[in-house]
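Read through the structure below, which is laid out as structure tokens, and then see the notes.
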Amino acid sequence: MKKALRFNEGKLKWSLVHFKSLEPLIQVLMFGASKYTKSVCLTEESLLSLCQLWEKEEFVRIVTLKKGFVQKDCVQAAIELQATPQKSAGDVEKLDYYDLKVCADLAVKQNGLKRILQQKMLERNTKKCTERSLNLERKKELEILKEERILRMLQSKNAIPSLEILNSEESPNLFISKDVSKVAEFADLTSDYTSIMTIKQEDTVIYFVVNATKHLDCLMILLKNLQKQKLIWKPITRKGNKIILHEGVNNWKKKMNTSEILESSMRHLTALFDGEENDKESKLSHAGHVMCNMMFYIYHKNKKK
């Protein structure tokens, strides 16, 4: 059998390295990974602090409602969550309203209109009614149909022309985003907790509505969604009601001043010259710290090129 062709000229000869001698370096890196790993309580605020956003207009917001709320609360919270800190809710794209309460009422009513209409028609068809009562029932149906038509027009693509037409019908001058109205639909009034999360990226606004018996469970589901959306990319594990941020592994790759790295190396070298073998804080070899510092120095020097 012929020998395979190899072109090793100019390549690094790793066989020259004595890997056992690198153990102090690995030990110091392991110490740093453990030292700079953070543990924080899982809350709405801690979730938001973990999110990595790239544009100024992008945002993530979370609000949690406790048992006893009504659907209007969900819609109102969703509308408020869609407003950026620099703008009022009335300036939000595709959302122009004068009264939050009216807007919330309208969105909740939208979810029940068809059901109410079907019920009215069923009652009219199944019971014997006088001509007067039939007229009253029919009048109610027409009112519901008119409200339903108004809602459809408010949510149409040509919302502004629709609003001008509706003004003549004494309709509320509102435009409710479809996603906002769905918040009420997906909220479970029997759950102990309902969390609403708004994510705005580029021109898209997404809502996540989470129902759970425990506040922590709501937050965990939101955390998983944020990870799926690639808004939280840091390595995380959960321990009870806390989340562990495993940032220490690559902490040394963050921005560092090379002169400070050299100063650290000198402190460890001086300790070695004075006959001190191990560092007082880490209880590990000063030589291992020097090796680490030199690796950090080379990494950040190369990064600047």
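Taken together, the values in this text are just the output of simple stated rules run on the coordinates, not laboratory data. Bear in mind the structure is a predicted one, so any value in this text is a computation, not a measurement.
So for region 186-233, what are the equivalent ellipsoid semi-axes in whole Å, largest first, each being the square root of 5 times an eigenvalue of the Cα gyration tensor?
Details: eigenvalues 91, 36, 6 Å².
Semi-axes, largest first: 21, 13, 5 Å.
Output the pairs from Lys20/Lys283; Lys230/Lys304; Lys239/Lys280; Lys35/Lys234; Lys234/Lys283 with a Cα-Cα distance over 22 Å in this structure; if there are none, say none.
Working: Lys20/Lys283 19 Å; Lys230/Lys304 27 Å; Lys239/Lys280 30 Å; Lys35/Lys234 17 Å; Lys234/Lys283 29 Å.
Check vs 22 Å cut-off fails for Lys230/Lys304; Lys239/Lys280; Lys234/Lys283.
Taking a temperature of 10 °C and a viscosity of 1.306 mPa s, what whole-number D in µm²/s does Stokes-Einstein yield for region 189-305 with Rh from Kirkwood over alpha carbon pairs? Write out the running numbers ahead of the final one.
Details: Rh = 18.5 Å.
My calculation gives 86 µm²/s for D.
Mind checking the full-extension length gain between Tyr36 and Asp192? Use 0.36 nm per residue of separation minus the Cα-Cα distance, one decimal, nm.
Numbers: separation 156, 0.36 × 156 = 56.16 nm, distance 3.61 nm.
Working it through step by step, the gained length comes to 52.6 nm.
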